[in-house]
Amino acid sequence: MSKVPNSNEENKSNVKETASDWFDKGIENCKSKDYNKALECFKKVIEIDPKYEDAWFQLGWVYSELYNAQKPPEDPFGFDDNPFYGENDVELLKNAIDCYEKAVSLEPENWQAWYNLGKKYQDEHKNYQKAIDCYEKALEISPEFSYAWNNMGLAYDDLGDHQKAAECYEKAIKFDPKNQIALVNYAINQHSLKNYLKSMECYDQAMEVEPLDFTAKMSLQAAMESIKSKIKPNHKNIDLWMQMGINYGKLLIHNKAIECFKQIIELDVQNFAAWHNISITYHILNDHQKFLDCFEKRDKLLKDLKRVSIITTDQGPFYPDIFWLLESSSEIGIIPQEGPDSEFLIKVQPLPSFDNKAVIMAMTSSEDNIFVCWEKKK
């Protein structure tokens with residue numbers, strides 16, 4: 001005996017199918033960026049099935065897109081802290097938040113809805129604690145979502161809890177090492193905590209991910225100028241000055257890169273890394289005289305010589321790897337073997353007890369080393 005269909009079950013099935021049809025139409029309109037038509041479709045879905053959670057989420061997203069399209073452009077110089085919003089814009093924002101909240105009430109496991117809701121509270125209402133609460137909900141469900149960790153870090157920074165923010169950025173980068181936004185934000189955060197070396201390292205990583213990113217470059221340059229105005233070079237912060245020199249080089253600001261490396265050499269004349277980096281900068285500039293002008297003139301040094309050495313590095317054959325190092329009682333100078341004074345050996349060989357064997361050893365060296373060729377007797 002065949003079963004007689006239950007009319008209530010048939011109606012329920014038809015309702016779901018109709019709501020699904022409208023939902024699919026809404027998605028198609030979203031893909032074509034016809035958000036007003038998409039809005040109508042998702043509203044129709046909810047009229048048919050008020051508990052259609054995905055429709056509430058998509059409706060919130062559409063309201064957000066319409067809001068973003070109508071709100072005033074941000075002041076690129078940051079002077080306008082209170083841009084004007086029309087009544088329609090405010091209503092769109094409110095509708096977006098209401099829809100996301102409805103979506104998470106119907107489906108508490110919708111981490112994307114929690115994340116989007118947090119962004120609205122953070123970006124538009126500046127309600128950072130409410131935003132953090134939403135991000136925490138999203139991360140309970142999707143703990144490796146890098147952008148939620150990053151945005152939570154921003155919220156904590158805005159609340160003044162920079163240490164907590166740092167922990168969030170670390171998580172963001174751990175789960176996505178190529179999250180360039182998180183790297184830049186972490187760099188800014190570390191600068192505020194006066195962890196300048198870590199800040200430089202983060203900027204360096206950010207530029208490796210996005211070499212052409214203007215924001216990262218401008219932020220890095222401003223950070224380095226700030227550091228230079230506050231921190232004087234000493235033996236404890238050589239690594240910081242080294243990183244700044246490297247980063248200036250990556251920004252193609254070669255004169256400031258040389259200044260940083262020169263500061264290191266004045267503190268530690270045997271710092272091979274500084275010699276390496278100067279040689280690379282010299283090679284890039286392809287201007288021997290400009291390189292030599294970064295140091296004291298040779299003739300002045302020759303009058304009061306204390307020591308003559310040869311520095312060798314492992315940078316050859318594509319970069320200069322042999323340098324004459326001159327030290328007087330008060331100054332130091334360097335002359336690249338391939339520079340305009342390539343016959344410098346002839347000028348120093350007449351010095352009493354000059355060690356030609358040291359020169360020969362230096363010429364055959366392909367490692368980081370310093371060979372003392374002559375030293376003034378005390």
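The values are calculated or read from the model by the stated rules, or taken from the named source; none is laboratory data. Not measured: the values here are computed from a predicted model. Cβ placement follows ideal geometry from the backbone for every residue including glycine, while neighbour counts extend to all protein chains displayed.
Some observations on this one:
- Any hit, the stretch 196-210, residues being closer than 30 Å to LYS102 by Cα, among the small types (Gly, Ala, Ser) and part of a helix (DSSP H, G or I): no
- Set side by side, the residues ASP133, ASP161, ASP157, ASP123 differ, and just one is closer than 30 Å to VAL90 by Cα, crowded, with 20+ Cβ neighbours inside 10 Å and not aliphatic (A, V, I, L, M), which is ASP157.
- Test: LEU159 is within 28 Å of GLN70 (Cα to Cα) and either free of Cβ contacts under 8 Å to residues at least 60 places away in the same chain or aromatic (Phe, Trp, Tyr) (or both): no
- Checking SER192 against (1) under 12 Å from the mean Cα position of the chain (by Cα); (2) more than 23 Å from ILE280 (Cα to Cα), the condition it does not meet: (1)
- A residue that is at pLDDT 85 or above, surrounded by fewer than 19 Cβ atoms within 10 Å (Cβ to Cβ) and among the β-branched types (Val, Ile, Thr) occurs nowhere in the stretch 51-67.
- Count of the stretch 356-378 residues which are within 17 Å of PHE323 (Cβ to Cβ) and charged (D, E, K, R): 2
- Test result for PRO336, modelled with pLDDT under 70, of a type outside the set (Val, Ile, Thr) and surrounded by 16 or more Cβ atoms within 10 Å (Cβ to Cβ): yes
- Contact map, the stretch 321-345: first residue among the aromatic types (Phe, Trp, Tyr), second residue at pLDDT 70 or above and in a loop (DSSP other than H, G, I, E, B), Cβ cut-off under 9 Å, separation 6 or more or different chains; pairs are PHE323/THR313.
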